[in-house]
Amino acid sequence: MIIGVPKEIKNNENRVALTPAGAKELIKNGHEVFVQSTAGLGSGFSDNQYTEEGAQILPDIESTYAKAEMIIKVKEPIEKEYSLIKENQLVFTYFHFASYEPLTKAMIESKSVCLAYETVEKPDRSLPLLVPMSEVAGRMAIQEGAKYLEKPLQGRGILLGGVPGVRPAKVLVLGGGIVGTQAAKMAAGLGADVTIMDISLARLRYLADIMPANVNTYMSSEYNIRELLGSHDLIVGAVLIPGAKAPHLVTRDMLKLMKPGTVLVDVAVDQGGCIETCKPTTHENPTYIIDDILHYCVANMPGAVPYTSTLALTNATLPYAIELANKGWKKACGENNELKLGLNIINGDVVYKGVSEAFDLPYHAVENYV
Ligand SMILES: NC(=O)C1=CN([C@@H]2O[C@H](COP(=O)(O)OP(=O)(O)OC[C@H]3O[C@@H](n4cnc5c(N)ncnc54)[C@H](O)[C@@H]3O)[C@@H](O)[C@H]2O)C=CC1
Ligand SMILES: CC(=O)C(=O)O
Ligand SMILES: [Mg+2]
């Protein structure tokens with residue numbers, strides 16, 4: 001198969017979907033790999049490192065899309081890329097369709113095959129291609145939150161861990177999955193007073209067992225969230241309904257319950273956000289203020305730490321990419337249910353329920369295609 005690796009063009013997106021080591025593995029399996037010039041640079045990989053492993057370099061994004069049967073990338077295609085995607089081309093990347101209708105419509109029109117990293121799912125319901133980036137984003141949420149709590153950056157001016165004789169800051173984490181767990185662990189490590197909420201009692205039991213003493217668990221409900229908002233300094237949004245739009249757990253009217261300078265980090269922004277006043281921001285311009293509450297809603301947080309994120313992501317994606325290249329998407333998805341669940345749009349038909357429901361589009365059972 002001919003595989004294309006474009007350079008990411010989202011704001012400050014420095015990850016790349018394939019490392020030179022990954023290119024080597026695909027080529028060993030008999031495939032041709034074409035990498036757009038400088039695609040790896042932001043993650044520390046030169047064009048030469050790819051060509052030494054047998055990959056070929058293409059000069060621009062147009063030729064990379066034009067050449068490839070399978071595109072492997074990181075972020076959802078952005079507007080400039082829509083017209084480059086061709087009928088029957090397999091696109092393997094994050095899409096987060098349910099949060100953005102124009103992308104969904106454009107990919108339907110392209111008649112390509114869209115296999116979304118974020119909905120590839122294992123039998124235990126874990127999301128193997130989302131987990132590594134959720135680990136990064138969960139950890140980063142606290143780093144960023146701590147920074148924006150500083151007064152010159154318009155936060156409350158409170159140190160997460162406090163100091164002897166002064167109480168630590170309070171951190172509230174909404175959602176106790178991968179992002180939430182990593183965020184809670186980091187905040188606890190810095191000495192904050194942490195509460196983590198989830199709707200799954202089983203998950204809260206697990207977290208109560210493994211978390212340090214400065215992390216408390218609390219059942220997620222509107223009543224309980226309202227109760228805590230006024231006493232917390234940093235609030236991290238970390239809920240997910242796989243493939244669907246995130247529910248708004250913090251609504252606009254709740255902002256007035258919070259102290260001025262409270263920082264909201266809505267990691268779930270890529271699925272629409274679990275804080276109603278959240279709208280996607282970029283690393284260049286990551287925050288805005290509404291009613292004295294600072295919002296941080298960067299939709300590609302891991303893009304800022306590409307030396308960690310590219311390796312973490314490609315460790316997880318490469319085995320699936322090899323399977324897709326070796327068998328073609330139809331056979332690979334027919335034989336591997338994890339990959340089948342990643343299919344969101346096939347030749348113009350929406351085959352993922354959460355996406356069809358988000359925009360009231362006709363739903364087609366994926367079984368009809370593989
Ligand atoms: N902004 C960024 O750069 C990044 C964003 N993400 C996003 O972060 C979000 C979370 O991802 P993961 O932690 O991997 O998901 P996950 O599936 O591991 O965890 C989600 C948790 O939310 C809980 N939940 C669902 N409804 C809830 C409710 N009403 N109240 C409280 N908890 C609720 C679930 O029970 C689950 O434990 C996703 O939208 C993901 O795409 C992930 C990586 C990077
Ligand atoms: C998961 C995701 O949206 C990201 O890593 O950017
Ligand atoms: Mg994202």
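The values are calculated or read from the model by the stated rules, or taken from the named source; none is laboratory data. Please read all numbers here as calculations on a predicted model, not as lab measurements. Counting neighbours? That spans all protein chains shown, and the Cβs are built from the backbone with ideal geometry, glycine included. Only protein heavy atoms, including side chains, enter the accessible area calculation; ligands, DNA and RNA are left aside. Shrake-Rupley method; radii C 1.70, N 1.55, O 1.52, S 1.80 Å.
A compact table of results
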read-out: Accessible surface ranking that places the most exposed of Lys327, Lys10, Lys75 first, with a 1.4 angstrom probe; value: Lys327, Lys10, Lys75
read-out: Nearest-20 debye value, the chain charge dipole, Cβ charges on Lys, Arg, Asp, Glu; value: 580
read-out: Reachable aspartates and glutamates from Lys245, criterion Cα separation under 14 angstrom, eight or more residues apart if same chain; value: Glu101, Glu118, Asp266, Asp270, Glu276, Glu357, Asp360
read-out: For the chain, accessible area per residue (1.4 Å probe, heavy atoms of protein chains only), Å²; value: 41
read-out: Nearest 10 degrees, 0 to 90: helix 201-210 Cα axis against the chain principal axis; value: 80
read-out: Tensor-based shape of the stretch 131-299 (alpha-carbon gyration tensor, a/c under 1.5 rounded, otherwise prolate or oblate); value: rounded
read-out: Leading residue at positive end of dipole, the stretch 260-370 (Cβ point charges), from Tyr363, Asn300, Val269; value: Tyr363
read-out: Residues whose placed amide H lies under 5 Å from that of Gln56, excluding near-sequence neighbours; value: Val33, Phe34, Val35
read-out: Charge dipole of the chain about the Cα centre (unit charges at C-beta), most positive-ward option of Thr119, Ala192, Val35; value: Ala192
read-out: All aspartates and glutamates inside 12 Å of Lys330 as judged from Cα atoms, apart from same-chain residues fewer than 8 positions distant; value: Glu367
read-out: Pairs beyond 28 Å (Cα-Cα), from Lys86/Lys327; Lys279/Lys340; Lys7/Lys340; Lys86/Lys331; value: Lys279/Lys340
read-out: Ordering of 233-243, 106-116 by burial proxy (mean other Cβ atoms within 10 Å per residue, highest first); value: 233-243, 106-116
read-out: Rounded if a/c under 1.5, otherwise prolate or oblate - the chain, Cα gyration tensor axes; value: prolate
read-out: Cα-based reach from Lys151 at 17 Å (exclusive), listing aspartates and glutamates while leaving out same-chain residues under 8 positions away; value: Asp233, Asp291, Asp292
read-out: Protection proxy ranking, peptides 193-202, 53-62, 130-139, average beta carbon neighbours within 10 Å, highest first; value: 130-139, 193-202, 53-62
read-out: Expected 222 nm ellipticity per residue - DSSP helices of 4 or more, -39500 (n - 2.57), all of the chain, to 500; value: -9500 deg cm²/dmol
read-out: Listed residue pairs exceeding 29 Å between alpha carbons, taken from Lys10/Lys259; Lys73/Lys111; Lys67/Lys353; value: Lys10/Lys259; Lys67/Lys353
read-out: Rounded percent of accessible protein surface that carbon and sulfur make up, the chain, 1.4 Å probe; value: 52
read-out: Antiparallel %, DSSP beta bridges [both residues in the chain], to 5; value: 20
read-out: Simple Cβ-charge dipole of the stretch 131-299, Lys/Arg +1 and Asp/Glu -1, about Cα centre, in debye nearest 20; value: 220
